[in-house]
1. Starting from the Cα gyration tensor of the range 313-432, multiply each eigenvalue by 5, take the square root, and state the resulting semi-axes largest first in whole Å.
2. Assuming 0.36 nm per residue, please report the length gained on full extension of the stretch THR49 to ARG247 beyond their Cα-Cα distance.
3. Leaving out ligands, DNA and RNA but keeping every protein chain, what accessible area does ARG154 have, in Å² rounded to the nearest 10, with a 1.4 Å probe?
4. If the convex hull of the alpha-carbon atoms of the chain is projected onto planes in all directions, what is the mean projected area in square nanometres?
5. Zone of ASP85 (label point 7 Å along Cα→Cβ, backbone N under 13 Å): which residues in the range 108-122?
6. Residues in the range 297-311, backbone N under 16 Å from the label point at VAL284 (7 Å along the Cα-to-beta-carbon vector): list them, ranges by number please.
7. Please list, in order along the range 418-426, the HN-Hα scalar couplings obtained from phi with the Karplus expression 6.51 cos²θ - 1.76 cosθ + 1.60 (θ = phi - 60°), rounded to whole Hz, x for Gly and Pro.
8. Once you have the Cα-Cα distance between ASP349 and ASP152, take 0.36 nm times their residue separation minus that, and quote the gain in nm to one decimal.
Amino acid sequence: MTEQEPKSLNLTSDTHRSSAHAAAVSEDVELSGHIIDSLLLPKVLDCITHRGGIFRIQELTVGQQRKDASYARIQVSAGSQPELDRILAVISDHGAVRVSSDDCRLVKADMNGAFPEGFYSSTNRTTEVRLNGEWFPVDMQEMDCGIVVKADQRSARCIPMVDVRQGDLIIVGHVGVRVTSELRVERGSGFEFMDSAVSSEKPKRVAARRVAEWMVENKRNGGKTLIVGGPAIVHTDSVQHLCSLIRDGYVHKLFAGNALATHDIENSLYGTSLGINLEQGEVVAAGHEHHLRSINTIRRCGGIADAVAQGVLKSGIMHACVTSGVPFLLAGSIRDDGPLPEVITDCLDAQRQMRHEVQDVTFCVMLATMLHSVAVGNLLPASVRVVCVDINPSTVIKLSDRGSSQTIPIVTDIEPFLRALVEEVRRQEQTP
């Protein structure tokens, strides 16, 4: 055996060694990719022992460089076939694939709007399925969906439960499904001060500079940047900063709700947001009526684009989107006043349109909106880098807890962050 050849190891779990004699069934699985720096290997081993199984690492090859993939072949044993199947189902979501893999099992949906029992529940990680002896990538990768296979069994995609139609070929179980681990975000090592992922005490200028680098790189590479925004962008007098990014071509899509658009238009028409004068910071007489009057004005024009064309709406985020050709999607809620004509009031329809629009997104920045951030995070594959900026730490924590583990959290006020971001983007524009 040369130094370049992988070495076979015989590492066995000790936690349940006393029950090894009861391990009646076993099966080999493979784990490959960035399984070391993403901590997937120890996670898989812990899943095995936590559920009463036994593991034996038969082969382990560790990539020498950060970009190099690692490989592990693991024998998983349990006391019964049902117990082993449960363990294999859990670790398959972390990328562990049976060595003796069969084609995925397909079952026809027996009704509209529901999966067959035992359906495979998708994650947001890159997934492949085995059909007729070949592996195919799963399109429209998204968490909390099922996987539907085309009739010719040459392609597959994620499908939300509500879109299932009777007769669809749905994957059931975990056999013939493999998940690829994503590269973990670079972190420091050892004991460090201020090393928590979510902290309001991190240097914000450094964070803004890094986000600016990603935005500039994404634009230069022909990628699409999605901004998910909340009304605090307007409340904190940050409209001009976002408008600059839109006009300079760094924003390719905008997702928001009725509130952001309404208060942006209110600011344009009346100089207020929620009735507060943004220049003087004072309550304006009858200012509580301004948002409703703004909605009414736009509805009488026929819509936001019509208001811009008619010269009624002359500034603001929505004006910048219309004049710069940046598409926006406004998803409504039960709290909405009006709403504006463009607001999609059917939540399932809004979800479908958002799902369609995120397919070509390569970078996403979420700004001060908890509900929209979690919603969009649920639609994005783990391969899309996400930055979430919010003054409330619970927003970025909740986003990560909901499965969007690729999210980079920045806890700060929106206005100074966006101001610094625009400055950094313009500085880096001059760098080849």
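1. 23, 21, 16
2. Extra length from THR49 to ARG247 when fully extended: 65.8 nm.
3. Accessible area, nearest 10 Å²: 110 Å².
4. The Cα convex hull of the chain, projected and averaged over all directions, gives 26.1 nm².
5. Zone members listed by number: 118-119.
6. 297-298
7. Listing the rounded values in order: 5, 4, 5, 4, 4, 4, 5, 4, 5 Hz.
8. Extending this stretch completely gives an extra 68.1 nm.
The values are calculated or read from the model by the stated rules, or taken from the named source; none is laboratory data. Because the structure is predicted, anything quoted here is derived from the model rather than measured. Note that each Cβ is placed from the backbone with ideal geometry, even for glycine, and that neighbours are counted across all protein chains shown. These area figures cover heavy atoms from the full protein model, side chains too; ligands, DNA and RNA do not enter into them. Shrake-Rupley method; radii C 1.70, N 1.55, O 1.52, S 1.80 Å.
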